[in-house]
Amino acid sequence: MSSEIFADQLYIDLGIYKKLLNFFQIGDYYYFIFNIQNLSFDFVSPHVETVLGYSQTELTVPFYMDCIHPDDRPWFLAFETRTAEFLSQLPIEKLMKYKVRYDFRFRKKNGDYMRILHQVGVVEHDETGGIIRTLGIQTDITHLKPEGKPVVSYIGMDGEPSYLDIDIKSAFIESEKVLTKREKEVLIHLIEGKLSKEIGEILSISKQTVDTHRKNMLSKNSLSNTGELIGKAIRQGWI
């Protein structure tokens, strides 16, 4: 199914609207459909310009990640990892009976940061339980929570139990012994999807030096590739 066809169906699919009604909006909001398989936005509602100042076409995954407050980005990634684990343990028939809710700070087009309430639910999966698309709603809650650390909850619908303010402190441990300051800088950019050459230009070091830092991080943590490194860094809270 093409993104255009799927976006058009949003306006006639009563299931989507029913799902929207299960999300509590307490401020300005916009919604989107995220394609898990392609790691891209299939659709972003026009309200994004009212809430964030960006146009629908500006919201790509790399741009989105760059707009998350640097201090909240590790929390966001840890929440996403823990959420994937939570959903993978659910029976197929319960995948669409949960919504994930957490908050973080996001940079608007004018440069100011706002706190977003991020709510996501599954709207399409395959016969094996593999998630295909999710519906997300992001609401401005700056007026309700001007400061404080991000928290995550899993909200059950249709009678399913909820799990509120999940403790993920275990995902954040001291990293001084496993990464140097420069390695952490390189790692942050790797998580953002940047290439060694780009990272070198940002940090004013050569591509070869970046590659050396990458090899050192893999070697001393007994990892095989960058994907394993990023996964462990998120789980262990190295950034």
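The values are calculated or read from the model by the stated rules, or taken from the named source; none is laboratory data. Predicted, not measured: the structure shown is a model, and the values here were computed from it. Using ideal geometry, Cβ is built from the backbone for each residue, glycine included, and neighbour counts are taken over all protein chains shown. Just so you know, the surface numbers come from the protein's heavy atoms only, side chains and all, with ligands and any DNA or RNA stripped out. Shrake-Rupley method; radii C 1.70, N 1.55, O 1.52, S 1.80 Å.
Cβ separations smaller than 7 Å between residues 6+ apart or across chains give the following pairs from region 193-221 residues that are open to solvent by 50 Å² or more (accessible area, probe 1.4 Å) to residues that are among the acidic types (Asp, Glu): Asn216/Glu183. For region 88-123, a tally of residues being assigned to a helix (DSSP H, G or I) and within 20 Å of Tyr64 (Cβ to Cβ) returns 0. Residues that are of a type in the set (A, V, I, L, M, F, W, C) and either under 13 Å from Ile36 (Cα atoms) or at pLDDT 90 or above (or both) within region 76-87 comprise Phe76, Phe79, Ala84, Phe86, Leu87, listed in sequence order. Among the residues that make up region 206-228, is at least one of them of a type in the set (A, V, I, L, M), touching a helix residue (DSSP H, G or I) at 6+ places or on another chain (Cβ under 8 Å) and part of a loop (DSSP other than H, G, I, E, B)? For region 206-228, residues of a type in the set (A, V, I, L, M), touching a helix residue (DSSP H, G or I) at 6+ places or on another chain (Cβ under 8 Å) and part of a loop (DSSP other than H, G, I, E, B): present.
For region 38-59, residues that are β-branched (Val, Ile, Thr) and surrounded by 13 or more Cβ atoms within 10 Å (Cβ to Cβ) total 3. One residue stands out among those in region 168-186 that are modelled with pLDDT of 50 or more, touching a Lys or Arg at 6+ places or on another chain (Cβ under 8 Å) and assigned to a loop (DSSP other than H, G, I, E, B): the one that is farthest from Thr83 (Cα to Cα), which is Val178. Contact map, region 35-48: first residue small (Gly, Ala, Ser), second residue assigned to a strand (DSSP E or B), Cβ cut-off under 8 Å, separation 6 or more or different chains; pairs are Ser40/Phe34; Ser45/Tyr30; Ser45/Tyr31; Ser45/Phe32. For the condition open to solvent by 60 Å² or more (accessible area, probe 1.4 Å), hydroxyl-bearing (Ser, Thr, Tyr) and assigned to a loop (DSSP other than H, G, I, E, B), Thr128 qualifies. Return only the number of the condition from (1) part of a loop (DSSP other than H, G, I, E, B); (2) touching a Cys at 6+ places or on another chain (Cβ under 8 Å); (3) not polar (S, T, N, Q) that Lys145 does not satisfy. In the conditions (1) part of a loop (DSSP other than H, G, I, E, B); (2) touching a Cys at 6+ places or on another chain (Cβ under 8 Å); (3) not polar (S, T, N, Q), Lys145 misses (2) alone. Just to verify a result, which residue in region 73-103, among those that are of a type outside the set (A, V, I, L, M) and open to solvent by 70 Å² or more (accessible area, probe 1.4 Å), is farthest from Gly156 (Cα to Cα)? Here the residue is Glu80.
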